[in-house]
Amino acid sequence: MTTVRPPAALSEPVEPVGRGWTVALSLANGAIWVGWFGPLQILLASQAKDFAPGSGMSKETMLAWVTGAGAVVSLAANPVFGALSDRTASRRGRRTPWIVAGTAGGALSLLLLARAGGVWSMAAGWCLVQLTLNAAFAAVTAAVPDRVPRRQRGAVGGWLGAAQILGVVGGTGLATAAGGVGAGYVACAVCTVAGVLPYVLRYPDLRLAREDRPPWSWRAFLAGFWLSPRRYPDLGWAWLTRFLINLSNSLVLLYLLYYLRDRLRYHDPDQGVLILTAVNSLTLVATVVAGGVWSDRLGRRKPFVVWSGVLMAVATAALAGWQTWPGAIVASAVLGVGFGVFTSVDFALMTDVLPTALDRGKDLGVINVANALPQVAAPALAAPIVTYLGGYRVLYLVAAVIGLAGAVLVGRIRGVD
């Protein structure tokens with residue numbers, strides 16, 4: 001009896017990926033994060049400060065509204081583009097066309113955002129950035145379960161995580177050093193395109209034959225975005241833990257510039273954000289790859305995610321109780337250690353609980369909602385807490401409790417050691 005093997009694009013990968021492929025994909029991932037975090041860390045806050053006078057909104061409210069609107073777009077864009085890439089049967093493969101189109105669109109959107117003249121054009125530009133870069137990000141993420149065997153995913157997830165934080169630092173640095181808001185957006189756009197080119201030019205994608213693509217149905221396409229927690233309980237718990245820990249992290253980052261300026265009275269808040277981001281990044285990079293490799297060698301995921309979440313909660317609570325510049329530096333360093341391990345090992349854990357090979361892009365897109373939804377929830381929680389319910393001390397205590405809950409709930413995942 002002959003065994004029918006699934007096509008390569010839908011098979012569980014068994015051949016280890018090479019160092020060059022990992023580096024190129026990581027560089028592409030980092031470049032996309034430059035396009036996101038140059039605006040998020042510096043440029044959008046600067047524009048909100050400029051546009052707020054006379055608008056009837058405080059700079060905090062304006063920034064929360066704009067970033068929240070962009071996050072809503074991201075919520076829909078990531079799973080939709082992931083699902084579309086699953087069904088793409090082009091000569092360039094399933095993922096590469098979306099990486100190219102999303103990156104080009106993201107660069108153009110950043111250039112449009114540089115010319116924003118008020119809150120409405122600022123919001124529209126940021127929504128376009130989220131729409132287009134999420135198309136590229138969904139495809140980059142799905143390339144991992146397409147090509148990387150399970151025993152190697154912690155290490156590859158670690159390199160992707162290292163590139164992600166370097167993208168955050170690079171975007172923040174470019175936005176700070178460029179010499180103005182417009183120049184900062186241009187620098188981020190150029191860096192985003194340049195970082196993606198090596199992967200799309202050098203490494204061909206796996207192709208999906210048209211006959212292997214399921215028949216089109218709007219009903220089936222839309223219904224596929226609901227992944228029942230009853231049917232896939234491990235996926236449901238993994239999603240919830242990622243959401244809670246990312247929500248905690250988003251609450252820390254959202255008002256960091258204003259925290260330094262208004263609470264700590266730091267003499268140069270823009271420079272302070274860059275310093276804290278650099279400290280956080282150094283400790284994150286030091287642990288993100290090591291944590292993933294260690295997890296691969298032990299064949300275990302959950303203990304790493306639990307203890308990294310606990311460590312992040314402790315560091316976040318320190319921001320509430322030790323509100324000084326040295327305290328902020330120590331908290332940033334400890335947060336980096338925890339988030340480094342969490343980033344690599346949680347990514348590997350997510351790929352281990354995916355239901356089917358045909359829907360990897362769509363399912364990872366649904367999982368990535370746990371990254372984007374905190375950007376919507378964080379402004380809604382943070383703005384009233386800072387304004388009416390106790391300020392930054394209460395904000396960071398709430399963030400610590402949320403992160404700790406995410407760490408505890410990892411224990412409900414049963415199908416992964």
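The values are calculated or read from the model by the stated rules, or taken from the named source; none is laboratory data. All values derive from a computational prediction rather than experimental measurement. So basically every Cβ, Gly included, is an ideal-geometry build from the backbone, and we count neighbours across all protein chains shown. Remember, those area values only see protein heavy atoms, side chains included, never the ligands or the DNA or RNA. Shrake-Rupley method; radii C 1.70, N 1.55, O 1.52, S 1.80 Å.
Structure notes:
- All told, residue 76 falls short of being touching a residue at least 40 places away in the same chain (Cβ under 8 Å) and among the aliphatic types (A, V, I, L, M).
- In segment 121-139, the qualifying residues are those that are of a type in the set (A, V, I, L, M, F, W, C) and open to solvent by 10 Å² or more (accessible area, probe 1.4 Å), and the one that is nearest to residue 371 (Cα to Cα) is 137.
- Yes/no for residue 239 being open to solvent by 40 Å² or more (accessible area, probe 1.4 Å) and closer than 22 Å to residue 368 by Cβ: yes
- Entirely in segment 135-244, the helices (runs of 4 or more DSSP H) that have 3 or more residues that are under 24 Å from residue 113 (Cα atoms): 153-177, 181-202
- Taken together, the residues in segment 62-98 that are basic (Lys, Arg) and either open to solvent by less than 10 Å² (accessible area, probe 1.4 Å) or at positive phi (or both) amount to 2.
- Meets criteria (open to solvent by 10 Å² or more (accessible area, probe 1.4 Å), farther than 20 Å from residue 27 by Cα and touching a residue at least 60 places away in the same chain (Cβ under 8 Å)) for residue 147: no
- Considering 373, 349, the condition of being in a helix (DSSP H, G or I) and either buried (at least 21 other Cβ atoms within 10 Å of the Cβ) or modelled with pLDDT of 80 or more (or both) is satisfied by 349 alone.
- Some residue of segment 33-48 being surrounded by fewer than 21 Cβ atoms within 10 Å (Cβ to Cβ) and modelled with pLDDT of 85 or more: yes
- Residue that is more than 20 Å from the chain's Cα centre (by Cα) and either among the small types (Gly, Ala, Ser) or open to solvent by 10 Å² or more (accessible area, probe 1.4 Å) (or both), where the choices are 278, 320, 333: 320
- Residue tally, condition over 20 Å from residue 227 (Cα atoms) and either free of Cβ contacts under 8 Å to residues at least 12 places away in the same chain or touching a Lys or Arg at 6+ places or on another chain (Cβ under 6 Å) (or both), over segment 357-414: 5
- Any hit, segment 207-214, residues being touching a strand residue (DSSP E or B) at 6+ places or on another chain (Cβ under 8 Å), farther than 18 Å from residue 368 by Cα, of a type in the set (D, E, K, R) and open to solvent by less than 50 Å² (accessible area, probe 1.4 Å): no
- Pick from segment 217-236, criterion within 17 Å of residue 76 (Cα to Cα) and within 23 Å of the chain's Cα centre (by Cα), ranking: most open to solvent (accessible area, probe 1.4 Å): 226
- Restricting attention to segment 392-409, the residues that are under 21 Å from residue 66 (Cα atoms) and surrounded by fewer than 18 Cβ atoms within 10 Å (Cβ to Cβ) total 0.
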